[in-house]
Amino acid sequence: MDERIFDAYLKNRHTPEAPSNLSARIIEASRHTSQDAPLEGVKRWLRGFMEGFVLPQPAFALAVLLIFGTSFVLTASGVSLWPGIGAEDLSAAFEVGEYWDAGDLL
Amino acid sequence: MLLAVRDPINPVMAEEQVIQDESLVARICEGDHRAFAILVERYTQMFFAAAYRICGNSVEAEDIVQDAFLKLWTKPQAFDASKGVKFTTWFYRVVTNVAIDAGRKKKPQAGSDVIDLMADDRGLADEAMIVNERQVALEDAIQDLPERQKLALNLCFYEGLSNKEAAEVLGVGVKALESLLMRAKAALKDKFEDRERKGRENHG
């Protein structure tokens, strides 16, 4: 087939005119829309994510139990949860805390 | 795009016409609503046509153009002129993405506006009917193309973008775009030839 005939056929595509008031409608709609601050998009996404993020209660309870359980077992077996600080050092720190008095600072 | 038409009767209008798109977007970033209005007035028709060619429905095309312009208003800093991309090329991408999203959300509908047009034109002469039927067939054939082939054809053939610009809009390489374009035209040509053959059989 002749390419020119085919191209003429393609060019024959119908495209309507935009309604005459479309620009005015867009401009009017923008008056009721506030502009995003540079980080507004990220904030909105984070807010949406946090609002939409629902942890099922049993899973939440299990997670809390797991964290406390692990830390209890590790502390009881003398393993420090704080890198570089031994469990004994920590208990010593708490012991000091027990005998600390506000009057010491005055 | 720079419109350098000077209007001696309306100097304000003339001033608006020589402002570059990129400068207007910079002003929109500072909250200049007038700059936004100038861009909207300048490009509504052009991008309405582009949106219509993607979705084939004028009501949807209006929504697409409005959404795209409101995205520009709410987040003008998304356009980065320092990358050397023309505003119109970038905005084609915005309109295309909005149209694709809208197309995925909507339920499938039967046919396009041209079919309604044809129904309204039943009283016209036979010749006009044939032209109309051809337009319907063409529109349906284009709308039936795979999405990326349709977009490539629209951008290069109807919007007049260069292959490089169209490739930027679609986020593909120039070779990939040329391949999409070639397949789109081949598919349409097959349908056109098939239709012409059937027409000859019916009349002969």
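The values are calculated or read from the model by the stated rules, or taken from the named source; none is laboratory data. None of the values given here were measured: they were computed from a predicted structure. Here Cβ is always computed from backbone atoms with ideal geometry, including for glycine, and neighbour counts include all displayed protein chains.
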task = Kindly check whether there is at least one residue in segment B:8-21 that is at pLDDT 90 or above and within 11 Å of chain A (Cβ to nearest Cβ).
result = no
query = Within segment A:3-46, how many residues are among the hydrophobic types (A, V, I, L, M, F, W, C), part of a loop (DSSP other than H, G, I, E, B) and farther than 23 Å from B:Q135 by Cβ?
reply = 2
task = Evaluate the following for B:L180: is it of a type outside the set (S, T, N, Q), outside any helix (DSSP H, G or I) and away from chain A (no Cβ under 13 Å)?
result = no
remark   = Condition set out of contact with any helix residue (DSSP H, G or I) (no Cβ under 6 Å at 6 or more places or on another chain) and either of a type in the set (D, E, K, R) or assigned to a helix (DSSP H, G or I) (or both), scope segment B:82-95, selection nearest to B:Y52 (Cα to Cα): answer is B:F91
inquiry  = Filter segment B:55-67 down to the residues that are among the hydrophobic types (A, V, I, L, M, F, W, C) and buried (at least 20 other Cβ atoms within 10 Å of the Cβ) and list them by number.
reply    = B:C55, B:A61, B:I64, B:V65
ask   = Going through segment B:24-42 one residue at a time, which ones are more than 11 Å from chain A (Cβ to nearest Cβ) and either crowded, with 17+ Cβ neighbours inside 10 Å or not in a helix (DSSP H, G or I) (or both)?
value = B:L24, B:V25, B:R27, B:A35
request  = Return the only residue of B:K198, B:K185, B:K164 being farther than 20 Å from B:W90 by Cα, basic (K, R) and either within 14 Å of chain A (Cβ to nearest Cβ) or in contact with a helix residue (DSSP H, G or I) (Cβ under 8 Å, 6 or more places away or on another chain) (or both).
outcome  = B:K185
request  = With respect to B:R104, determine if the residue is modelled with pLDDT of 90 or more, outside any loop (DSSP other than H, G, I, E, B) and not hydrophobic (A, V, I, L, M, F, W, C).
outcome  = no
request  = Being outside any helix (DSSP H, G or I) and more than 7 Å from every other protein chain (Cβ to nearest Cβ) is the filter; apply it to segment B:68-81 and report the residue that is surrounded by the fewest Cβ atoms within 10 Å (Cβ to Cβ).
outcome  = B:D80
remark   = Looking across segment B:52-67 at residues that are more than 9 Å from chain A (Cβ to nearest Cβ) and in contact (Cβ under 8 Å) with a residue 12 or more places away in the chain, the single one that is nearest to B:L151 (Cα to Cα) is B:I54
ask   = So how many residues does segment A:1-24 have that are basic (K, R) and either at the interface with chain B (Cβ under 7 Å from one of its Cβ atoms) or touching a Gly at 6+ places or on another chain (Cβ under 7 Å) (or both)?
value = 1
ask   = Considering segment B:163-204 alone, what residues qualify as being among the basic types (K, R) and within 15 Å of B:R148 (Cα to Cα)?
value = B:K175, B:R183, B:K185
key: Residue ID - surrounded by the fewest Cβ atoms within 10 Å (Cβ to Cβ), chosen from residues in segment A:10-50 that are within 20 Å of B:Q45 (Cα to Cα) and of a type in the set (K, R)   = A:K11
